[in-house]
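Quick notes on the structure that follows.
The values are calculated or read from the model by the stated rules, or taken from the named source; none is laboratory data. For clarity, every value in this text was computed on a predicted model and none was experimentally measured. As a convention, Cβ positions derive from the backbone with ideal geometry for all residues, glycine included, and neighbour counts pool all protein chains shown. Just so you know, the surface numbers come from the protein's heavy atoms only, side chains and all, with ligands and any DNA or RNA stripped out. Shrake-Rupley method; radii C 1.70, N 1.55, O 1.52, S 1.80 Å.
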Amino acid sequence: MTDHIVVLGAGYAGLGAAKRAARRLRSTGARVTLVNAADRFVERVRLHQLAAGQRLPGLPLAGLLGGTGVELVVAEVTGLDLQERTVQLDGPPYTLSYDVLVYALGSAADRDTVPGVREHACPIATEGDAVRLRARLAEPGPVTVVGGGLTGIEAAAELAETRQGLRVELVCAGPVGPGLSVRGHRHVHRALGRLGVVVREHAPVAKVGPDGVLLETGDEVPARTVVWAAGFRVSPLAAASGLRTDEEGRMVVDRSLRSVSHPEVFGIGDAAAPRTPGGRSRMSCQTGLPMGLYAGDAVADLVTGREPRRARFRYVWQNVSLGRRDGLTQFTRADDSPLDVVLTGRASAAFKETITRGTVWAMRHPGPWL
Ligand SMILES: Cc1cc2nc3c(=O)[nH]c(=O)nc-3n(C[C@H](O)[C@H](O)[C@H](O)COP(=O)(O)OP(=O)(O)OC[C@H]3O[C@@H](n4cnc5c(N)ncnc54)[C@H](O)[C@@H]3O)c2cc1C
């Protein structure tokens with residue numbers, strides 16, 4: 001029998017896993033099928049640029065998969081049957097059977113924890129979100145970005161820099177950039193101040209309405225557009241299918257990235273919660289990319305009758321863009337806690353751009369890394 005490996009999700013994690021598994025299994029006759037809702041690769045790390053009105057290069061998956069032997073199916077995954085080992089799709093071929101499944105469906109915005117987000121806010125977690133936000137920004141009026149994590153910081157800075165004259169306020173429940181060192185924190189404040197972004201820290205949002213946000217203190221922050229960058233959630237598919245998940249719905253996996261309840265299923269990227277030196281992994285490309293490659297190798301190990309290898313992982317930095325000409329690279333310990341070492345300004349911006357471009361280049365060009 002020919003093994004069929006099905007990878008769900010062609011983001012940073014899934015695309016890498018599919019290509020790596022296909023390369024490792026080339027001589028075995030195993031088939032690798034990659035399923036994705038869209039026919040192109042979305043650089044989520046650039047979605048704030050897209051929302052701000054910048055053009056992003058088109059990255060058709062067919063081009064990124066050329067010569068790899070990976071078969072692409074463009075369809076939405078609607079269900080999993082772990083007993084039958086099948087995946088249900090909303091388009092042809094409607095059902096796919098697998099021997100080994102890699103689950104890499106990423107994440108989306110959390111629209112339900114705070115009232116009014118679903119009706120009135122504009123998230124920035126998917127390409128569709130970013131396109132809708134860009135259209136909304138055509139209407140004049142102040143913008144409030146909610147969320148002091150890296151996505152909120154990047155969005156506020158990008159909007160303020162690209163759309164000069166736009167009033168941008170950044171509202172966060174705790175400090176801005178809670179995982180940054182004192183120096184990192186100081187640089188982010190300086191950069192946002194230079195761009196005219198008003199920062200309101202320790203101001204949890206109770207509700208979003210048509211004219212802005214209501215804080216838990218009772219204060220109102222008026223806004224024409226509310227950008228929601230205050231949390232991600234994963235697809236309910238994993239939990240609904242019976243895969244063991246944590247309280248956030250992320251797949252619980254072992255050291256080889258296999259589901260602890262269904263070892264023929266691997267979980268990677270935002271959709272899974274592998275153990276990292278600091279505990280639970282941070283949703284990021286930094287986690288998803290290497291985990292995808294490990295999963296590709298581990299799948300190949302399994303199919304060729306070896307013990308699937310264990311994923312080894314450590315954090316090195318957090319990279320935050322602050323518009324196109326400034327940035328912060330916060331170097332970290334293995335557990336993602338900040339060191340007192342940062343790179344700032346144009347050097348950091350250039351560093352991040354090189355990594356972002358390099359990632360796509362590596363995805364496009366076959367080589368030992370994929
Ligand atoms: C604005 C923004 C800026 C960011 N900046 C950074 C950064 O600077 N550094 C960093 O490390 N991280 C950053 N991140 C986080 C990073 O983008 C994610 O952690 C990363 O994309 C996760 O990779 P993934 O492969 O798990 O998921 P994704 O990249 O989201 O890929 C998942 C894929 O699955 C597909 N999919 C989902 N559901 C289905 C379905 N039901 N059927 C079929 N296909 C489906 C999606 O279309 C997508 O192609 C940023 C995120 C955002 C939104």
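Here the accessible area is traced with a 1.4 Å probe on the protein chains. For region 200-349, carbon and sulfur cover 50 percent of it. Taking amide hydrogens as placed 1.01 Å from N in the peptide plane, the amide H of Asp336 sits under 5 Å from those of Tyr315, each at least 5 positions away in sequence or on another chain. For region 34-166, a simple Cβ point-charge model (Lys and Arg +1, Asp and Glu -1, everything else neutral) yields a dipole of about 480 debye relative to the Cα centre. When the inverse distances between all different Cα atoms of the chain are averaged and flipped, the Kirkwood radius reads 21.2 angstrom. Cβ-Cβ distance of Leu56 and His189, R₀ of 35 Å, FRET efficiency by 1/(1 + (r/R0)^6): the value works out to about 0.80. In plain terms, the chain from Arg312 to Asp246 could stretch by 21.6 nm, reckoned as 0.36 nm per residue minus the Cα-Cα distance. What does the charge count around Leu61 come to, taking other residues whose C-beta lies under 13 Å from its C-beta (Lys +1, Arg +1, Asp -1, Glu -1)? So the environment of Leu61 carries a net charge of 0.
With N as its number of residues, region 239-312 has a Cα radius of gyration that, divided by 2.2 N^0.38 Å, comes to 1.03.
Taken as entire DSSP H runs, the helices of the chain that both span 24 Å or more between Cα atoms along their own long axis and average -1.0 or more on the Kyte-Doolittle scale are 285-303, 345-364.
Every helix of 4 or more DSSP H residues in the chain counts as -39500 (n - 2.57), and over all residues that averages to -8500 deg cm²/dmol at 222 nm.
Of the residues Tyr12, Thr359, Thr276, the one whose Cα sits farthest toward the positive end of the charge dipole of the chain, with +1 on the Cβ of Lys and Arg and -1 on the Cβ of Asp and Glu, is Thr359. Taken as Cα centroids, region 194-214 and region 86-151 sit 21 Å apart, rounded to the nearest whole angstrom. Convex hull of alpha carbon positions in region 234-282: directionally averaged projected area 3.1 nm².
Percent of Cα pairs in region 178-256 per distance bin of 5 Å, from zero to the largest separation: 3, 11, 14, 13, 14, 14, 13, 10, 6, 2.
Site pair Lys207 and Thr304 shows an inter-label distance of 6.0 nm when each label is modelled 7 Å from Cα along Cα→Cβ. Each Lys and Arg contributes +1 and each Asp and Glu -1, all at the Cβ; summed about the Cα centre of the chain, the dipole is approximately 1340 debye.
Accessible surface for Trp228 stands near 20 Å², nearest 10, in the context of the full protein assembly shown (1.4 Å probe). Equivalent ellipsoid of region 86-185: semi-axes from √(5λ) of the C-alpha gyration tensor, largest first, are 33, 19, 13 Å.
Diffusion coefficient (Stokes-Einstein, Kirkwood radius over C-alpha pairs, 10 °C, 1.306 mPa s) for region 114-162: 137 µm²/s, rounded to a whole number. Take the convex hull of the alpha carbons in region 278-370; its mean projected area over all directions comes to 7.2 nm². Along each principal axis, taking the top coordinate minus the bottom one, the Cα set of region 13-102 gives 45, 31, 19 Å in descending order. Per residue, the accessible area of the chain comes to 43 Å², computed with a 1.4 Å probe over protein heavy atoms only.
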